[in-house]
Every structure is written in structure tokens, then in C-alpha cells.
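Notes for the one structure printed next.
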Amino acid sequence: MDDFAPFARLLGALRPWLGQLVVIGGWAYRLHRFHPLAHPPAYLPLRTRDADLAFAPGARLAGDMGAALEEAGFRVELLGNTPRRSPTTTSATPMPGSTWSS
């Protein structure tokens with residue numbers, strides 16, 4: 001199943017912060033396969049229904065990333081060391097009815 005369209009929608013919603021974010025987790029492994037110097041393994045990558053993003057603990061992220069993601073149709077869950085504002089990751093999961101595969 002092609003789930004790159006929802007991932008592109010995610011990146012579009014995060015455009016104002018792309019310079020401060022790093023894609024981690026399963027999507028990082030999937031995207032790495034497309035790098036010209038990559039030696040992709042023979043097996044298919046694991047897939048999950050979310051995208052994990054990291055940013056520096058001291059990053060000053062102007063604006064409301066959560067609102068931008070929700071406006072684009074994603075459910076936002078902040079994870080990390082502090083309540084409500086994560087220094088570690090933001091997990092964006094497609095809303096019900098999305099085409100992202102599990």
C-alpha cells in the first residue's frame with residue numbers, strides 16, 4: 001500500500017519546522033533506502049501507523065506544531081520527559097480512514 005502521500009501531507013504540515021526536525025523511527029529506515037549511497041536490505045521495512053520526529057531539547061519552535069498537524073488530519077501525541085511539551089519526539093498518527101498501512 002502506498003503511504004507516501006500521507007507522509008508527504010505530514011511534511012507539508014510541518015514545513016515551518018522542517019529545518020529543526022529529524023525523522024526517526026520506521027520512516028527513517030524507509031527513507032534511507034532511497035539514498036544513493038544506501039545498501040538497502042533484501043527484506044521489506046517494518047511499518048507502523050505513525051511517524052516519529054525528533055528535535056533538540058533547547059529548540060525554539062515558534063508557532064503551534066500540534067495545531068498544524070491536527071489541521072492536516074493527524075492525531076498528535078507528545079512523548080518525552082516533560083508533561084505536554086516533549087523535548088524528544090512528536091508522534092503523528094493518521095486519523096481514522098487514512099490510507100497509512102499498519
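May I ask you to order 3-11, 54-62, 27-35 by the average number of other C-beta atoms within 10 Å around their residues, highest value first?
3-11, 27-35, 54-62
Name the long-range amide H neighbours of Arg75: under 5 Å, sequence gap of 5 or more, or other chain; modelled H, no Pro or chain starts.
Thr93, Met95
Treat each spin label as a single point 7 Å out from the Cα along the C-beta direction, and report the Leu11 to Thr48 distance in nm.
2.0
Quick note: the coordinates plus some simple rules give every number you see, no bench work behind them. Just so it is clear, the model here is predicted, and its values are computed rather than measured. Methodologically, a virtual Cβ is constructed for each residue, glycine included, from the backbone with ideal geometry; neighbour enumeration extends over all protein chains shown.
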